[in-house]
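**Student:** Below are the C-alpha cells for one structure; questions will follow.
The values are calculated or read from the model by the stated rules, or taken from the named source; none is laboratory data. The shown structure was predicted, so the numbers you read here are calculated from the model rather than taken from an experiment. Positions of Cβ are generated from backbone atoms using ideal geometry, with glycine treated the same way; all protein chains shown enter the neighbour counts. Accessible surface areas use protein heavy atoms only, side chains included; no ligands, DNA or RNA. Shrake-Rupley method; radii C 1.70, N 1.55, O 1.52, S 1.80 Å.
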Amino acid sequence: KMAAAAGAVAAAGLWSEVNRCGQNGDFARALKSVNKILQINKDDVTALQCKVVCLIQNGNFKEALGVINTHTKVLTSDVIAFEKAYCEYRLNRIESALKTIQSASQQTDKLKELYGQVLYRLERYDDCLAAYRDLIRNSQDEYEEERKTNLSAVVAAQSTWEKVVPEDLGLREATYELCYNSACALIGQGKLNEAMKKLQKAEELCRQSLSEDSDVTEEDIEAELAIIHGQMAYIMQLQGRTEDALQLYNQIIKLKPTDVGLLAVIANNIITINKDQNVFDSKKKVKLTNAEGVEHKLSKKQLQAIEFNKALLAMYTNQADQCRKLSASLQSQSPEHLLPVLIQAAQLCREKQHAKAVGLLQDFADQHPANAAEIKLTMAQLKIAQGSVTKACMILRSIEELQHKPGMVSALVTMYSHEEDIDSAIEVFTQAIQWYQQHQARTNHGCRVFQPKSPVHLSLIREAANFKLKHGRKKEAISDLEELWKQNPKDVHTLAQLISAYSLVDPEKAKVLSKHLPSSDTMSLKVDVDALENSHGATYVRKKAGKLTGDNQQKEQGQGEVKKKKKKKKGKLPKNYDPKVTPDPERWLPMRERSYYRGRKKGKKKDQVGKGTQGSTTTGSSELDASRTASSPPTSPRPGSGAAVSATSNVIPPRHQKPAGAPATKKKQQQKKKKGGKGGW
C-alpha cells in the first residue's frame, strides 16, 4: 500500500510536468515525463494518448503509428481514430487514412477536416467539395478563412484537371491564397489575361501581408512569391512568350525554394521549352523532377506529364533503350493513353524502322477503337513520308467519324489530285455530300425535315462542282450546279457556271437558262467616270503611260520647270586634267574602237620575261637608284654590254642582246623555251 501511494504521488507530479510542458510547447520534455508514467502503468490510456500526441508534435509519425498499433486493445478506434488517420496521412498512406476515418464510429470536426484533405489528395474533387461546403456551413471558429482557401483550391483543381467550369462561390478574395487559387481556375478555363491580373493582385497582397511582419526578410518574401511567379511564367509560356517564361523560371530556381513540387514543375516546363535543343540543360533540370517526395506533392496528371517528357528527352538524346523502357512503363500504367505508343513509334522512325512503327500503331488502333482516329492520322502521316500517298488515303478514309469533315475532304481531294486519281477525289466529295444529306435533319412534329441549306453542305457542293469543272467533268458538275442554283436562284455566278457547262452538253438548255440572266440595264453599275479618272490610281496610270491632257499636262510641265532649277553637283575632274589641252573627242569609246588604235604589240613582254640575269628588270636599274644624280660620275659598263649607257637609257641584259650573224636562230630558241618551260643558264 505504501508503494502504491508513493507511485500515485509520483504520477501526479509527472502529470503536472506533462501539463506544464504541453502548455509551453516543449513536447520533447513532456514525452520523457509520459514515458515515466507508462513505466508505472503501461496500459494507462491517457498516457498512451499523450505519448502519441507528443510524437506527432515532434514529427515522429512512424513511431506514433507504431505505438497505436502495438496497443490496439487499449487504444481503440473510438479513442485514437484521428491521431491514427493523421499519422497515416502524413506518411502518405492516403488509402489507409481514408479507411481509418470511415471506420470511426463518431465523425468529429477534426476527422471531417482531415477527411477533406484526404479526398483532395485522392483527387476525388466532387466529394471533397461537398465535404468542405458542409464544414463551412456547420463551423464557426477562427479557421474559416483556411477552409475557404481549401474550397477554392478544390475548384481550381476541378477546372485544371477535369476541365469543369467552376461555379462562383462568392468568396471575397481578400488574401493572396484566394487570389492565387482563383487565377489557377481561370488558367484551367483558358482565360490567361484575366489569370495574369489575378496573380499580379495576389503578388501585391502577399507583399503587403508579409511586409507587416518585421521579422520577415526580403528573401522570405521572394520565397513565398515563388509559386505565384511560377504560375506567371506558365501563363507566359502558354502565350508563346517563351523567353520571358524561361527567364522567370530560372530566377525561381536560383532562389532554391524548399518546395520540391514547385521545383519539379518548373524544371519540367523548362524541358518542354528546350524540346530537342539545349539538351545538356534539360538533362540537368530533369534531376530536379527525381527529388525525394515529389510524387506526394503533385497530381497524377502532373507526374504523368513529367514521365512523358523524360521519355521524349531520352529519345532526343539518342538513348533508345531508355526511351523504350520509359514509354513501355507508361503504356502499362495507362494502356489506353496515346502518348506512350506515339513516343515508341517516333523512336522507331528515328531508327528508320517505319514499317515497324506503322505496325505498332495499327495494333494499338485495333485494341483501342475509341482512340483509333488520332493513331490513324499518325499512320497516314508516316505513309506520306514514305511516299505511299494512296495507302495514306486509304487509312484516312477508314476514319469514319472524320470522313465528312471539310478538312478531311480537302486533304483527300488534294492527295488524290496529286496522284491524278480524279475519280477517287470525286467519290470523296460524293460520300461527304451524302453524309450531310442523311444526317443533317431534324425532327419536326414526327417528320424528318432535311436541311440542305447548311453552309458546310453547300460549300462542299460548290467545291465539288468547281473541281469537276476544272477537270473537264462538266456533265457531272451540272447536277451540283443545279442544286446550288435551286437553293439560291439569285446567284448569278452559279447560273453562269451552269450555262457554261450546258453549252457543251445541251446548247438548247443553255439558251433557256440564259434567259434567267439579268439584263444589261440591271447589271450596269453607276460609276462617276470623272471621279474615277481624277482618282489617284487613274492619274498614276496615265502618268506611267505618258498620256497627259489639259491641266494635268500643265501641272507636269510646271513640275519639270521646278526640277530644272535644281542645282546639280559639279562632276569630279581627273587629277591630270589640263584646261589648256583639248580633251580627246574619242575618250568615251573603248580603246579598241578608237581611230588611232594600232593594236597591241605581241610578244614584247613575253620576250622579256625570264631572260637576263636573275633580278634584272626591263627598266634600267639606274632609274631606280636615288644615288645617281646629274653630278655623279659615270659608272663602268655592266659586264657583257657593248658600251657604257647613260642613266636615262634602257639597259639590255646579255641574254637580250641579239647575237651577231644569227638572226634565224631566235625563233628556234623561243620554240625550245615554250616546250621546256622555264629558262635557265
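**Student:** Where does the charge balance sit around LEU348 when Lys and Arg score +1, Asp and Glu -1, over other residues with C-beta under 12 Å from its C-beta?
**Tutor:** Charge balance in the 12 Å sphere: +3.
**Student:** Highest first, please rank the peptides 184-197, 162-175, 414-427 by the mean number of other Cβ atoms sitting within 10 Å of their residues.
**Tutor:** 184-197, 414-427, 162-175
**Student:** Run the 1.4 Å probe and let me know the accessible area of ASP578, rounded to the nearest 10 Å².
**Tutor:** 70 Å²
**Student:** For the range 1-106, what is the largest minus smallest coordinate of the Cα atoms on each principal axis, given in angstrom and ordered from greatest to least?
**Tutor:** Ordered largest first, the range 1-106 gives principal extents of 50, 29, 21 Å.
**Student:** Also: Just to make sure I understand: if all protein chains stay in place, what is the order of GLU142, GLU113 by accessible area at 1.4 Å, largest first?
**Tutor:** GLU142, GLU113
**Student:** How much length would be gained if the chain were fully extended between LYS112 and SER500, taking 0.36 nm per residue of separation minus their Cα-Cα distance, in nm to one decimal?
**Tutor:** Working it through step by step, the gained length comes to 131.7 nm.
**Student:** Just the accessible area per residue of the range 132-174, please: how many Å² with a 1.4 Å probe?
**Tutor:** Each residue of the range 132-174 exposes 62 Å² on average to a 1.4 Å probe.
**Student:** How much of the accessible area of the range 1-106, in percent, comes from carbon and sulfur atoms when a 1.4 Å probe is used?
**Tutor:** 50 percent
**Student:** Keeping the other protein chains in place, figure out the carbon and sulfur percent of the accessible area of the range 135-196, with a 1.4 Å probe.
**Tutor:** Ligands and nucleic acids excluded, carbon and sulfur reach 46 percent.
**Student:** Order the peptides 392-400, 455-463 from the highest to the lowest mean number of other Cβ atoms within 10 Å of their residues.
**Tutor:** For the peptides 392-400, 455-463, the packing ranking is 392-400, 455-463.
**Student:** Find the Cα radius of gyration of the range 307-417, compare it with 2.2 N^0.38 Å by division, and give the number to two decimals.
**Tutor:** Ratio of Rg to 2.2 N^0.38 Å for the range 307-417: 1.12.
**Student:** Which percent of the accessible heavy-atom area of the range 285-350 goes to carbon and sulfur, probe 1.4 angstrom?
**Tutor:** C and S fraction of accessible area: 51 percent.
**Student:** Per-residue accessible area for VAL45 at 1.4 Å probe radius, Å² rounded to 10?
**Tutor:** Here the accessible area works out near 50 Å².
**Student:** Give the peptides 337-345, 35-43, 103-111 in descending order of average Cβ contacts within 10 Å, highest first.
**Tutor:** Packing proxy ranking, top to bottom: 337-345, 35-43, 103-111.
**Student:** Another one. Extending each Cα 7 Å along its Cβ direction at LYS197 and SER105, get the distance between those two points in nm, one decimal.
**Tutor:** Spacing of the two 7 Å Cα→Cβ label points: 5.6 nm.
**Student:** Let me ask another. Send over a whole-number figure in Å² for the accessible area per residue of the range 1-106, probe 1.4 Å.
**Tutor:** Ligands and nucleic acids excluded, the result is 58 Å² per residue.
**Student:** Seen from all sides and averaged, what is the projected area of the convex hull of the Cα atoms in the range 107-234, in nm²?
**Tutor:** 8.6 nm²
**Student:** Then there is this: Can you compute the radius of gyration and Dmax for the range 229-311, using only the Cα atoms, both in Å?
**Tutor:** 11.8, 32
**Student:** Let me ask something additional. Using heavy-atom solvent-accessible surface (probe 1.4 Å) with all chains present, what is the largest-first order of VAL154, VAL512?
**Tutor:** Highest to lowest solvent-accessible surface, that is VAL512, VAL154.
**Student:** Then there's this: Leaving ligands, DNA and RNA out of it, work out the accessible area of ARG20 with a 1.4 Å probe and give it in Å² to the nearest 10.
**Tutor:** The accessible area of ARG20 comes to roughly 120 Å².
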